[in-house]
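Below is one structure; the comments refer to it alone.
The values are calculated or read from the model by the stated rules, or taken from the named source; none is laboratory data. Predicted model only: the values in this text are computed from it and were never measured. Using ideal geometry, Cβ is built from the backbone for each residue, glycine included, and neighbour counts are taken over all protein chains shown.
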Amino acid sequence: MLTLKCTKKVQTYLHLKPSELAELVQSEEGLGAWYVNLFYVDRQKCIVFMNEKTLLSFLLFGFDRASSPKEELPEQCINGIIQLLTMEDFPNDSIGALLTYSQNFRYMKTTDRKTLGNMNDLIYLYESMILAQGGLQYCDLTGIIREINRTPQRNIDWEYPIDKAKVVLGEIAYKLKNHVIVH
């Protein structure tokens, strides 16, 4: 199950009611939960997604007011993850393993301050790098995402998020291929 742990800003943006948030449980399946936060660059709404196990991240922008974000965000997240993994040359079995756990979704509150701290640092990096390259219109967003995912992170023992994600997804793909039950 795809778990989107949303900050208060995102909950407000999505018009999520407390009754629409799932009970707080630790998501151990697949890559685990994705933390979701919202920020603005060049007066554009940007939503950043960060995986809680690997700190792998990406961002999406260009949201309009006519859309229904609550229903669309999970699909946009999955598409963003697939695009990120494809861009990073992940094997198809790793991408397939991730999709196995993303058939359904749930919204949840954020649960870990340390992970939120990482996310805030990432937002600062994304914003700084985008603005340093002239804003969203002129920046190489793919290059920025790749560079940020190749920045060592203390919360994962100074590993790179991209390398951590390759290991975790490789293990999941192996277990699925060999019919080992994963919870």
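Laid out as a table, the results:
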| quantity | calculated |
| --- | --- |
| Per-region count, region 123-143, residues under 21 Å from residue 86 (Cα atoms) and outside any loop (DSSP other than H, G, I, E, B) | 4 |
| Which numbered condition residue 90 misses (of (1) among the aromatic types (Phe, Trp, Tyr); (2) under 23 Å from residue 14 (Cα atoms); (3) buried (at least 17 other Cβ atoms within 10 Å of the Cβ)) | (2) |
| Yes/no for residue 73 being over 18 Å from residue 165 (Cβ atoms), surrounded by 19 or more Cβ atoms within 10 Å (Cβ to Cβ) and without any contact (Cβ under 8 Å) to a residue 40 or more places away in the chain | no |
| Criterion violated by residue 172 - all others in (1) loosely packed, with under 15 Cβ neighbours inside 10 Å; (2) touching a Gly at 6+ places or on another chain (Cβ under 8 Å) satisfied | (1) |
| Pairs where the first residue, in region 5-17, is surrounded by 12 or more Cβ atoms within 10 Å (Cβ to Cβ) and the second is among the aliphatic types (A, V, I, L, M) and part of a loop (DSSP other than H, G, I, E, B), C-beta under 7 Å, 6+ apart | 5/33; 6/16 |
| Residue 136 vs. criteria more than 17 Å from residue 60 (Cα to Cα) and in contact with a Phe, Trp or Tyr (Cβ under 9 Å, 6 or more places away or on another chain) | no |
| Any hit, region 144-151, residues being at pLDDT below 90, buried (at least 19 other Cβ atoms within 10 Å of the Cβ) and part of a loop (DSSP other than H, G, I, E, B) | no |
| Among residues of region 126-183, those that are of a type in the set (D, E, K, R) and more than 16 Å from the chain's Cα centre (by Cα), counted | 8 |
| Identity of the residue in region 93-113, farther than 26 Å from residue 160 by Cα and loosely packed, with under 14 Cβ neighbours inside 10 Å, that ends up modelled with the lowest pLDDT | 103 |
| Unique residue being within 17 Å of residue 168 (Cα to Cα) and out of contact with any Cys (no Cβ under 6 Å at 6 or more places or on another chain) when the list is 110, 86 | 86 |
| Among the residues listed as 130, 148, the single one being within 25 Å of residue 69 (Cβ to Cβ), in contact with a Cys (Cβ under 6 Å, 6 or more places away or on another chain) and of a type in the set (A, V, I, L, M) | 130 |
| Any hit, region 92-108, residues being under 20 Å from residue 59 (Cβ atoms) and over 15 Å from the mean Cα position of the chain (by Cα) | no |
